[in-house]
Amino acid sequence: MIKNIIFDYDGTIADSVNIKTDAFAELYRSYGGEIKKKVVEYHLAHGGVSRFDKFKYFHNEFLNICLDENGIQELAQKFSKLVINKVVNAPYIPGAIEFISNNYNVYNMFISTATPTDEIIQILDRKKLSKYFKEIKGSPESKIDHVKQIISKNNYLRNETVFIGDSVSDKEAANNNKIHFISICSNGDELKSEKYKLNNFHPIEKLFEKINII
């Protein structure tokens, strides 16, 4: 029986993936159209990877520039300014907020995201969602480590735990820790063949019933 739910945020609870895409495009616009295109394509193909890792990759691979820590932090601050208010105001994935607000006392709920921890906490506080989650985890730690820590700290059973996300990194976090995975609102080819996949949250409890009888 599913008792513990770990949620990604962008593209899973909030319809905010395009906001991050636009921000990456804006930051690299000055390097020309070809670089901007490569940045956007890489970002879309690697959802759930932290912006810090992406900045390093973009500069190393596309610009042949080795970013130091100060350079990475400067880009991260610019990125945060571009996205945070828009993410706060982004609409929810259909059924997400209803499911979470109606069931946070039924399930143990957590957030695992590639967004920096202080930023996702600020977003959830502003949206008055923090009270629904037992713990909120962001970068620089990986989602694989998030799940490992949640299970270990709380002594959860793996077959009672599910990760709900929209990216390959979400699936990897689930698979690496041997818990269930549900893909929601995925546009990526890599997740189109997932056994458990939803376009919104309305049928999710029926899907839990299917998982529970395995």
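Restricted to the stretch 114-124, and to residues there that are more than 15 Å from I6 (Cβ to Cβ) and among the aliphatic types (A, V, I, L, M), the residue that is surrounded by the fewest Cβ atoms within 10 Å (Cβ to Cβ) is I121.
When the residues of the stretch 19-73 are filtered to those that are hydroxyl-bearing (S, T, Y) and either surrounded by 14 or more Cβ atoms within 10 Å (Cβ to Cβ) or not in a helix (DSSP H, G or I) (or both), which remaining residue is nearest to the chain's Cα centre (by Cα)? Residue satisfying both the conditions and the ranking: S50. Looking for something in a helix (DSSP H, G or I), buried (at least 23 other Cβ atoms within 10 Å of the Cβ) and at pLDDT 90 or above - is there at least one such residue anywhere in the stretch 177-192? The answer is no, given that none of the residues of the stretch 177-192 is in a helix (DSSP H, G or I), buried (at least 23 other Cβ atoms within 10 Å of the Cβ) and at pLDDT 90 or above. The residues listed here are D145, D166, D118, D125; of these, the one that is under 24 Å from P203 (Cβ atoms) and of a type in the set (D, E, K, R) is D166.
In the set (1) under 26 Å from K210 (Cβ atoms); (2) in contact (Cβ under 8 Å) with a residue 24 or more places away in the chain; (3) surrounded by 18 or more Cβ atoms within 10 Å (Cβ to Cβ); (4) touching a helix residue (DSSP H, G or I) at 6+ places or on another chain (Cβ under 7 Å), K137 fails one condition alone, (1).
Entry remark, the stretch 125-134: residues being free of Cβ contacts under 8 Å to residues at least 24 places away in the same chain and surrounded by 15 or more Cβ atoms within 10 Å (Cβ to Cβ) number 1 in total. So is G95 on the phi > 0 side of the Ramachandran plot, at pLDDT below 95 and under 16 Å from the mean Cα position of the chain (by Cα) or not? The answer is no for G95.
Applying the condition of being under 16 Å from I111 (Cβ atoms) and touching a helix residue (DSSP H, G or I) at 6+ places or on another chain (Cβ under 8 Å) to the stretch 149-163 and asking which residue is surrounded by the most Cβ atoms within 10 Å (Cβ to Cβ) yields F163. All of I93, I100, I111 fail the test of being out of contact with any helix residue (DSSP H, G or I) (no Cβ under 7 Å at 6 or more places or on another chain), crowded, with 18+ Cβ neighbours inside 10 Å and within 30 Å of N159 (Cβ to Cβ), apart from I93. Residues in the stretch 1-11 that are under 21 Å from N159 (Cα atoms) and outside any strand (DSSP E or B): M1, I2, K3, D8.
The values are calculated or read from the model by the stated rules, or taken from the named source; none is laboratory data. Since we're looking at a predicted model, the values are computed, not measured. All Cβ positions, glycine included, derive from the backbone under ideal geometry; neighbour counts span all protein chains shown.
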